[in-house]
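In what follows, a single structure is set out as structure tokens and then discussed.
Laboratory data are not the source of any read-out in this text; all were calculated from the coordinates shown. Just so you know, these numbers come straight off a predicted model, no measurement behind them. Cβ sites come from the backbone with ideal geometry, for glycine too, and all protein chains shown count toward neighbours.
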Amino acid sequence: MKWHRIQALLMRHLYLYQRSFPRLMDILYWPVMELLLWGFISIYVAKLNVGGFNVVTVLLGAVIFWDLLSQSQRSVSVAFLEDVWERNFLNIFVTPLRISEFLASAVILAFVRIVMTGVVMGILAAIFYKFNIFIFGFYLVPFVVNLLIFGSALGFFTTAIILRYGTSAQVLAFGFLFLLQPFSAVFYPVSVLPAFVQPIAYALPSTYVFEGMRGVITTGSFSLGYFALALLTNAIYLALILWYFYKMFAKVKIKGRLMKLD
């Protein structure tokens, strides 16, 4: 991989964000609305005196982490779709650009977006709800890294589906992650789920992140077991999805459908 090609793709997207208010709204609007909604709900629930349980901290932590995961997945998918919408996808791949460089630039862009989202949501949560995102301390790093990896992998997967079936499948770029939300134990522990559903939850890296997040808040301890399982499942998903992406890209290229991707 050549860094200058990755940097060129990254700068192209970042310049668009500088000059496009709708793109900035895509990063900030929904996360802020979710933060406000769940913040007020958590304050109301906290007033019910649920056994001294820190509802505000747990729910706000879950909301912020979920939006970081959502931003990383959507960033990768939309970066690809923007080239399709602008009929620019073929122009990119007639250059010496490699697929790995294209994917690497999308992951870096996802990281930039989740940092922006995390900073804005962290500041607003501190102002409105006195929630300090840094209560996680150093543990914030492994949580965010795992969310970035899983979100990017899901972005590659939805991109591969769109490559295979065309933009008629682009709804997956915006809705696929929500299919996994009930099983990721975002706002509740896995033990709440029915017994036959729990194996599905434990097959997702995101589950271990949210379970680990609640563990840090409630007990102050970081579970190395959850962290290791999150990394392991992320590695499996990433390897399988990258294999599938390269396979779909090769099939589309052989059939000459890059020019007809619409």
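Pairs under 7 Å by beta carbon, first residue free of Cβ contacts under 8 Å to residues at least 12 places away in the same chain in the range 159-176, partner in a helix (DSSP H, G or I) and among the β-branched types (Val, Ile, Thr), six or more apart or different chains?
Ala169/Ile161; Ala169/Ile162
Which pairs turn up if I take residues in the range 109-131 that are under 13 Å from Ile64 (Cβ atoms) and look for partners that are not in a helix (DSSP H, G or I) with beta carbon separation below 7 Å, at least 6 apart in sequence or on another chain?
Every condition considered, the pairs that remain are Ala125/Phe131; Ala126/Asn132.
Quick one: is Ala228 over 17 Å from the mean Cα position of the chain (by Cα), of a type outside the set (Lys, Arg) and under 18 Å from Ile99 (Cα atoms)?
no
In the set Ser105, Ser77, Ser100, which member is part of a helix (DSSP H, G or I), among the hydroxyl-bearing types (Ser, Thr, Tyr) and under 16 Å from Arg12 (Cβ atoms)?
Answer to the check: Ser105.
Taking the range 160-174 as the region of interest, how many residues are within 12 Å of the chain's Cα centre (by Cα) and surrounded by fewer than 20 Cβ atoms within 10 Å (Cβ to Cβ)? Write out each step before concluding.
Of the range 160-174, the ones within 12 Å of the chain's Cα centre (by Cα) are 173-174.
So of that shortlist, the ones also surrounded by fewer than 20 Cβ atoms within 10 Å (Cβ to Cβ) come out as 174.
Selection size over the range 160-174: 1.
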